[in-house]
Amino acid sequence: MKLDDIKKLHQKKYREAFGYFLVEGEHLVLELEKAAARDPAWRASELFVTSDYAHWPSGLRRHEIGKRQMERIAATQTPPGILALVPIPRRTPATAVAGERCFYLHEIQDPGNLGTVLRTLSWFGNLRALLSPDSVDPYNPKAVRASMGAIFH
């Protein structure tokens, strides 16, 4: 994917059109790799790194880019130097299963709040989050960052 297209993934309409979202930062990329080991649906397709992360061990297609290029495509003010391009998992619409502990999140509008709620639910373990159709996109860069990797669990 071209760098200009990656920059567009900050917007929901392009995440939906291209079918990808971004994961930025060392911690989140590590969490993504752990999740991909359990569920291949979370496997990243490409990795973009600056020279600081050129040593990063990964079997992914890797692109070493300059810091200015990273600043251009990253959603953060101070990019961490490592960014993964991840296909949005194709899942069937979520429904509660008998005996499963679920939380229905109704019209969550702030991506940071959604990420925090997902992180909290992950801490309690075995809790599933169901989002209302009018909730913020869970693949919003801010929601992904705020989840601290809980979105992959």
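Quick notes on this structure:
- Given their separation in residues at 0.36 nm each and the Cα-Cα distance between them, Arg62 and Lys7 gain 18.1 nm when the chain is fully extended.
- Calculated [θ] (222 nm, deg cm²/dmol) that DSSP helices of n ≥ 4 give over the chain, each run adding -39,500 (n - 2.57): -10000 deg cm²/dmol
- For segment 101-147, a Kirkwood hydrodynamic radius built from all Cα pairs, placed in the Stokes-Einstein relation at 10 °C and 1.306 mPa s, yields a translational diffusion coefficient of 153 µm²/s.
- Dipole of the chain computed with +1 at Lys/Arg Cβ and -1 at Asp/Glu Cβ about the Cα centre; of Ala75, His27, Leu85, farthest Cα towards the positive end is Leu85.
- If R0 is 41 Å, the Cβ-Cβ spacing of Leu30 and Gln109 corresponds to a FRET efficiency of close to 0.90.
- Per-residue 3J(HN,Hα) values for segment 20-37, derived from phi via the Karplus relation 6.51 cos²θ - 1.76 cosθ + 1.60 with θ = phi - 60°, read 10, 9, 10, 10, 10, x, 4, 4, 5, 5, 4, 4, 4, 5, 4, 5, 5, 5 Hz in sequence order (x marks Gly and Pro).
- About its Cα centre, the chain has a charge dipole of approximately 200 debye under the convention of +1 per Lys or Arg Cβ and -1 per Asp or Glu Cβ, with nothing else charged.
- By the equivalent-ellipsoid construction on the alpha carbon gyration tensor, the chain comes out with semi-axes of 27, 16, 14 Å, ordered largest to smallest.
- Residue-count net charge about Glu64 - beta-carbon cut-off 14 Å; Lys, Arg +1, Asp, Glu -1: +2
- Tilt relative to the chain, helix 111-124 - C-alpha long axis, 0 to 90 degrees, to 10: 70
- Pair Phe18, Ala75: separation of 7 Å Cα→Cβ label points (nm): 1.2
- Simple point charges give the picture: +1 on the Cβ of Lys and Arg, -1 on the Cβ of Asp and Glu, and for segment 11-50 a dipole about the Cα centre of about 200 debye.
- Coil-residue trypsin sites (Lys or Arg not before Pro) of segment 66-153, DSSP, other Cβ within 10 Å capped at 16: Arg90, Arg91
- Mean separation of Cα contacts under 8 Å (6+ apart) over length of segment 3-87, as relative contact order %: 40
- In this structure the amide hydrogen of Arg62, modeled in the peptide plane, comes within under 5 Å of the amide hydrogens of Leu47, none closer than 5 places in sequence on its chain.
- Relative contact order %, the chain, counting alpha carbon pairs below 8 Å whose residues are six or more apart: 26
Rule-based calculations on the coordinates, nothing more; no lab input. Since this is a predicted model, take the numbers as computed values, not measurements. Counting neighbours? That spans all protein chains shown, and the Cβs are built from the backbone with ideal geometry, glycine included.
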